[in-house]
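The structure appears below as structure tokens.
The values are calculated or read from the model by the stated rules, or taken from the named source; none is laboratory data. Computed from a prediction, not measured in an experiment: that's the story for all the values here. Neighbour counts run over all protein chains shown; Cβ positions are idealised from the backbone, glycine included.
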């Protein structure tokens, strides 16, 4: 039975990826930063379905020492899903060192060092890395300068690592469009939501399941590497 590590696995898309992989006979390691209760609840839910099939692990992915500690705690791995991400607006006038480091460290540094550090453990198992990118890696979202840059960088990282880690490892990406509405400081009003929906060819949001099923497809596709699949309902057709 294969094991997958899902970063940011306690909530939203990450939690659905954990459930979908678990339903398809993967053991899952659920990474969290602050959401210990949610991570434990999810692990308990999955372990009720299949004993000892889910575990949790804590790490602050903006901190390199915490990343190293996480990697050293994992003995064997088949699949790495780099899902954890920081998303909030950073207009040009508000960009500062702290916001730059928080977003870039979590969104880019962590996936890079997790991938390269865990590569040897995964290569023994013909492993696969799937990065959660974003359609704004290609078409920037206004006022999200640092976020856009971080996602553009992880798209290039996906292609670069696919070349560097082949043939023992495959590296792919999934690029979501509008799947779940932003929360907290990134929350948007209904008017902006309607404008966004009008740009989507299918005129609706996707679901976390849409992303999770695409992740599963890439994991099972043994002759695909270096590719990033947009799951956006046709939104990029209108941008």
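Structure notes:
- Any hit, the range 6-16, residues being over 14 Å from the mean Cα position of the chain (by Cα) and closer than 28 Å to residue 177 by Cα: no
- Total residues in the range 189-215 satisfying the condition of being closer than 20 Å to residue 24 by Cβ, assigned to a loop (DSSP other than H, G, I, E, B) and in contact with a helix residue (DSSP H, G or I) (Cβ under 9 Å, 6 or more places away or on another chain): the figure is 1.
- Residue count for the range 73-99, restricted to those that are under 19 Å from the mean Cα position of the chain (by Cα) and farther than 17 Å from residue 134 by Cα: 5
- Hey, residue 106 surrounded by fewer than 16 Cβ atoms within 10 Å (Cβ to Cβ), assigned to a helix (DSSP H, G or I) and at pLDDT 95 or above or not: no
- Residues in the range 47-69 that are out of contact with any strand residue (DSSP E or B) (no Cβ under 6 Å at 6 or more places or on another chain) and either closer than 12 Å to residue 4 by Cα or part of a helix (DSSP H, G or I) (or both): 48, 49, 64, 65, 66, 67, 68, 69.
Yes/no per residue for (1) modelled with pLDDT of 95 or more; (2) under 14 Å from residue 18 (Cβ atoms):
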{"position": "39", "(1), (2)": "yes, yes"}
{"position": "67", "(1), (2)": "yes, no"}
{"position": "76", "(1), (2)": "no, no"}
{"position": "89", "(1), (2)": "no, no"}
{"position": "136", "(1), (2)": "no, no"}
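- Residues of the range 120-149 satisfying the condition of being part of a helix (DSSP H, G or I) and in contact with a strand residue (DSSP E or B) (Cβ under 8 Å, 6 or more places away or on another chain): 122, 135, 136, 137, 145, 146, 147
- Here is the figure for the range 72-103: residues that are part of a loop (DSSP other than H, G, I, E, B) and surrounded by 15 or more Cβ atoms within 10 Å (Cβ to Cβ) total 10.
- Looking only at residues in the range 216-239 that are under 21 Å from residue 203 (Cβ atoms) and without any contact (Cβ under 8 Å) to a residue 40 or more places away in the chain, the one that is surrounded by the most Cβ atoms within 10 Å (Cβ to Cβ) is 234.
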